[in-house]
Every structure is written in C-alpha cells, then in structure tokens.
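Engineer: Got a structure for you, questions after.
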Amino acid sequence: MLKHHADTRIPMHITPPVSTRPAAAANPQDGASPTRRLAAFAASLRFEDLPRALVEQIRLHVLDGIGVSLHGATLPWTRHVADMVMAEGGHPVASLWGHQGAPEARTSVSQAVLVNATAGHAFEMDDIHKESILHPNSLAVPVALALAQALPGVSGREVLAAIVAGYEVGTRVGNAATTRLFLNGFHPQGVTGTFVAAATAGRMLGLGADAMTHALGVAGSMGAGLMAAQEGAMVKRLHAGRAAQGGVHAAYLAQRGFTGIENILEADYGGFLSSFSTAPRNERLTEGLGTQWEAGEVGFKMYPNVTSMHAALDAYKDLQAAHGLRPDDVERIEVGCGHMTYVHVAWPYRPVSVTAAQMNLFYGLSVLAMRGSLTVADYDDARIGDPAVIAFMQRIHPFEDERIESKGPAFRHAATVRVLTRAGAVLSREVWNRRGSPENAVSREEVEEKFFANVAGRLPAQSAQRIAGLVNALDTLPAIDELTALL
C-alpha cells in the first residue's frame with residue numbers, strides 16, 4: 001500500500017576503509033620523482049607488506065574479476081576480439097577464459113589479456129575505484145593470471161602482491177589526473193588503465209625499480225580511449241583489453257632494456273598528467289604511499305551498469321520497498337546528482353545498443369520503476385527498446401545538485417531522489433554512499449553470490465565452487481596452476 005509521507009533517511013552504513021591501516025611497505029627515497037617512487041614501490045612490494053584485511057579484500061576482487069570476465073567471455077563483442085586473436089595465432093601459453101577446447105584456446109600472454117580484459121569490462125560489472133574512475137580488477141586480474149601461466153610455479157602470494165601493485169599505481173595516477181581527465185573526454189579505463197596493467201605485469205616479471213620506471217614510461221604512451229564510446233559502440237569494452245595488452249607490452253619491453261619516458265607522470269610538457277588533465281594534483285601520486293592503501297578503497301558493483309547511477313537506483317529501490325511504489329503511482333521523479341554524474345549518465349537515451357543502455361540513467365531508472373528490479377536480463381538487445389520503458393522516461397528529471405557538488409569528489413556518486421505521486425504524496429531519499437562502495441560495503445557472501453550468478457551456465461557448479469575455494473585460499477597456494485586450468 002502506498003504511504004503518503006516523505007522519507008528523508010540517509011543510509012550511512014560506514015565500514016572503516018582498509019586504507020587507514022598502516023603497513024611496513026617499501027619506502028622509496030623521498031627525493032625521487034613521483035614516477036620513480038611509484039616504480040620503486042611497485043617493484044619492491046612484498047606480500048608481507050600487505051595488511052591482512054587488504055589481503056582478504058583483494059581475494060574478493062580477484063573472485064569478482066574472474067566472475068565478470070567469465071560472464072563477459074560469452075558476449076558478442078568479446079567473441080569478435082577472441083576470434084581475431086585465434087585467427088592471428090600466437091605462442092600458446094595463456095588461456096582465453098571461458099573458451100572451451102584447451103589447449104587450443106590458448107595464445108600469447110599479450111593476446112590473452114587483450115581478450116580476457118575485454119571480457120572483464122564487457123558488461124559493466126567490474127569493480128570501481130571512485131576517485132580514479134578505474135575498474136582495476138578487469139585489468140590486474142587477467143594480467144597477473146596470464147603471466148602466472150607463462151611463469152609456472154608462481155605462488156598465490158606473488159600474484160596477490162602483483163595485483164595490489166597494479167591497483168596502487170594505477171589508482172594513484174587516476175587520483176592525480178582528477179575527474180578532469182574524464183571531463184576532457186577520455187575514458188580512464190583505457191587511458192589510465194595501462195598503469196594498472198604495467199605495474200601488475202612488471203611485478204609479476206620481477207622488474208627492478210629502474211626497469212619498472214621504464215615500464216611505466218612506456219605504458220603512459222600506450223593508453224587510449226574516448227568517452228563518446230559510451231553512447232553505443234562496442235569499442236568501449238575494448239579499452240580495458242587494449243590497456244591490459246599495452247601494460248604487458250610495456251613490461252616485456254622494459255625487461256628487455258627498452259626505455260620509456262622516465263618522468264612520464266610529472267613532465268611539464270607532454271607528460272601524462274599535463275596532457276590528459278588540465279588541473280592535475282601531482283601530490284596524490286605518492287601521498288601516504290605504503291601506509292594508505294588505495295587498493296582498499298575499491299568497491300564492488302551490485303548493478304550491471306555504470307556506477308554513477310547506482311546511488312539513484314538504491315534510493316528509488318528503497319522508496320519502492322518502503323512505500324509499495326508501482327509504475328502507475330508515479331507522476332514525476334527528480335534525481336539530483338553532481339556535475340560529473342550528470343554528464344556521465346543523464347544524456348537523452350536512444351536504444352542503439354546494450355552499451356548505451358548500461359550507461360544511461362533514464363533507462364536504468366525506468367526499468368527499475370516499471371519492472372521492480374534491474375538485472376543482467378534487462379540489458380539485452382531485445383529489451384532495451386521496450387516502448388513502455390521509453391515512455392516512462394518522460395517522468396524522470398535529473399538535475400545538477402549543488403549541495404552534492406559542493407561536497408567534492410568523495411561524494412560524486414551521491415544522489416537525491418524525490419518522487420511525486422499521482423495521489424499527491426512527496427517521497428524522498430538521499431544516498432550518499434552507494435551499496436557496494438567501501439563506505440557502504442557489501443558482505444563477502446554477497447560478492448560470492450554475484451560470482452556464482454555470473455558463472456551460472458558457463459561453468460559446471462563443481463568447477464565454480466572449486467574456483468571460489470582456490471581464490472579464497474590464494475595466499476596459501478604454492479602454485480596457481482589448478483586455478484588457471486579451471487578458467
């Protein structure tokens with residue numbers, strides 16, 4: 001039954017972020033440049049440097065990354081990339097995840113990560129670091145596990161250390177670039193993501209500080225990706241694959257003595273930050289390095305669409321549950337959000353592709369209001385043009401909320417939702433931290449449930465259970481050959 005009163009409760013289920021826990025990680029010389037400090041940190045990072053809580057969290061990100069990649073492996077855009085790679089051929093070292101017929105479905109490391117990272121970003125379900133706007137598990141996990149196949153006997157601890165190195169370096173570069181990189185029209189996953197992949201690959205290959213510096217210096221010249229891709233092109237999915245491949249190439253080249261731009265991050269002219277961001281914050285590159293873990297600030301996606309709309313979806317879902325809202329009850333929905341979210345998701349919807357639907361607030365909120373839920377099944381070519389859903393969009397009115405914008409980047413995913421009903425009620429809900437964020441964390445069981453849902457029908461149930469068990473024990477495995485074989 002519809003309740004005729006406002007609800008302005010603010011969900012603030014705060015979980016202390018892992019990044020507040022100190023660790024005895026590498027301490028590069030303070031006088032070194034930011035690029036060299038990050039390189040030295042990544043090269044010397046040991047598993048023993050990682051806080052226990054961070055290890056437990058990263059294991060979940062590995063499981064999540066495997067799940068979203070196995071789901072994404074079946075999608076048409078990933079299949080196109082996989083077919084191209086298999087037609088070209090390559091030294092059969094690393095597996096294409098989710099592709100039957102091993103050892104035939106193997107290729108070189110760089111080609112495998114092109115496919116597997118494309119799969120990881122193929123359906124908008126990979127994890128998210130809010131400040132850097134990066135989805136690191138669709139980059140670091142495919143890179144680390146592909147290299148593990150090329151380096152038999154690598155332990156689970158080495159894999160975890162490499163993944164954290166990638167998370168730390170890449171997210172810090174994204175933090176320094178600020179949201180300006182995105183607002184300039186570049187896709188962080190493709191542009192900044194090469195640093196996640198290069199640091200992960202460099203750590204897996206055992207590069208020293210100098211070689212790691214050159215790996216980053218090569219990677220910074222290889223990133224690419226334009227945000228116009230969000231409005232319908234398959235190529236948005238490829239941005240992650242190319243970033244992963246570019247990072248692997250950068251690390252392999254540096255291992256062979258190939259040189260990159262040694263001050264790639266801080267160079268005044270033609271440097272990464274000075275070129276891609278009009279207002280970089282270089283201090284964010286090394287702030288708290290080794291004691292404040294950006295890897296601990298990565299959240300999970302609990303809807304299969306762009307993160308910027310999740311708070312609005314959470315708010316409307318809460319109102320649905322609390323007041324029994326049905327589609328016919330709704331006269332108008334007002335959605336307040338920050339500037340970047342407005343630019344990212346509040347553009348006029350056209351049912352041109354699944355990509356466009358996943359990136360659009362009007363579609364996501366209309367489906368939730370009309371169907372009562374929002375799942376993977378709603379992002380299908382046969383459903384994204386539903387006339388009833390498109391008609392409902394006329395009731396949705398997003399706007400830039402200065403109250404949210406004034407709180408800064410920490411709240412750029414926040415949203416306010418105000419529903420005016422045809423009976424005259426005004427219902428409101430504010431969500432400052434979306435469900436799945438570090439501040440409003442989901443449980444281990446919920447992440448595992450997401451994994452099993454993603455691989456259902458793609459793996460035998462016994463294999464899925466075994467993968468989950470191996471990942472949960474990753475830091476105890478002397479080798480991860482069984483895990484990679486199951487993929």
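The values are calculated or read from the model by the stated rules, or taken from the named source; none is laboratory data. Source: prediction; values computed, not measured. With ideal geometry, Cβ positions are generated from the backbone for all residues, glycine too; neighbour counts draw on all protein chains shown. Side chains included, ligands, DNA and RNA excluded: accessible areas come from the protein's heavy atoms. Shrake-Rupley method; radii C 1.70, N 1.55, O 1.52, S 1.80 Å.
Engineer: Spin-label point model (7 Å from Cα, Cβ direction): what's the Met84 to Ala53 distance in nm?
Structural biologist: Simple spin-label model gives 4.3 nm for this pair.
Engineer: Hey, another quick one. Charges at C-beta only: +1 for Lys and Arg, -1 for Asp and Glu. How large is the resulting dipole of the chain about its Cα centre, in Debye rounded to 20?
Structural biologist: It works out to roughly 400 debye.
Engineer: Using a 1.4 Å probe on the protein heavy atoms, what percent of the accessible area of segment 132-201 belongs to carbon and sulfur? Intermediate results must be reported in sequence, preceding the final value.
Structural biologist: Numbers: 480 of 970 Å².
Of all accessible area on segment 132-201, carbon and sulfur atoms account for 49 percent.
Engineer: Continuing with the same structure: Please give the direction-averaged projected area of the C-alpha convex hull for the chain, in square nanometres with one decimal.
Structural biologist: Dividing the Cα hull surface by four gives the mean projection, 21.2 nm².
Engineer: Tell me, in nm to one decimal, what length is gained between Lys407 and Asp268 on full extension, where the rule is 0.36 nm per residue of separation less the Cα-Cα distance?
Structural biologist: Difference between extended and current length: 47.1 nm.
Engineer: Test of understanding: what is the full-extension gain from Arg256 to Ile390, defined as 0.36 nm times their sequence separation minus their Cα-Cα distance?
Structural biologist: Full extension from Arg256 to Ile390 adds 42.8 nm.
Engineer: Can you give the local net charge around Val191? Use residues other than it whose beta-carbon is closer than 13 angstrom to its beta-carbon, Lys and Arg +1, Asp and Glu -1.
Structural biologist: Local charge sum for Val191: +3.
Engineer: Another question, if that's okay. Given a 1.4 Å probe and every protein chain left where it sits, what share in percent of the accessible area of segment 278-369 is carbon and sulfur?
Structural biologist: That share works out to 49 percent.
Engineer: Testing the spin-label approximation: label points 7 Å from Cα along Cα→Cβ at Arg281 and Ala32. State their distance in nm.
Structural biologist: Label at Arg281, label at Ala32, 2.4 nm between them.
Engineer: Among Ala346, Leu63, His121, flag the residue with its Cα farthest along the positive direction of the charge dipole of the chain, charges on Cβ as +1 for Lys/Arg and -1 for Asp/Glu.
Structural biologist: Farthest towards the positive pole: Ala346.
Engineer: Using the Karplus curve 6.51 cos²θ - 1.76 cosθ + 1.60 with θ = phi - 60°, work out ³J(HN,Hα) for each residue of segment 300-309 in order, rounded to whole Hz, and write x for Gly and Pro.
Structural biologist: So the Karplus estimates, Gly and Pro as x, are 10, 8, 10, 10, x, 7, 5, 5, 4, 9 Hz.
Engineer: Something else now. On a full-extension model of 0.36 nm per residue, what is the gain between Glu445 and Ala377, subtracting their alpha-carbon distance, rounded to one decimal in nm?
Structural biologist: Numbers: separation 68, 0.36 × 68 = 24.48 nm, distance 2.21 nm.
Here the answer is 22.3 nm.
Engineer: Could you pull out every residue, at least 5 positions away or on a different chain, whose amide H is within less than 5 Å of the one on Arg332? Hs are placed 1.01 Å off N in the peptide plane, and Pro or chain starts have none.
Structural biologist: Leu420
Engineer: Measuring with a 1.4 Å probe in the full set of protein chains, what accessible area per residue, in whole Å², belongs to the chain? Before the final figure, lay out each step's value.
Structural biologist: Working: 17710 Å² over 487 residues.
Each residue of the chain exposes 36 Å² on average to a 1.4 Å probe.
Engineer: Arrange the residues Glu331, Glu294, Glu446 by how much accessible surface each exposes, largest first, with a 1.4 angstrom probe.
Structural biologist: Descending order: Glu331, Glu446, Glu294.
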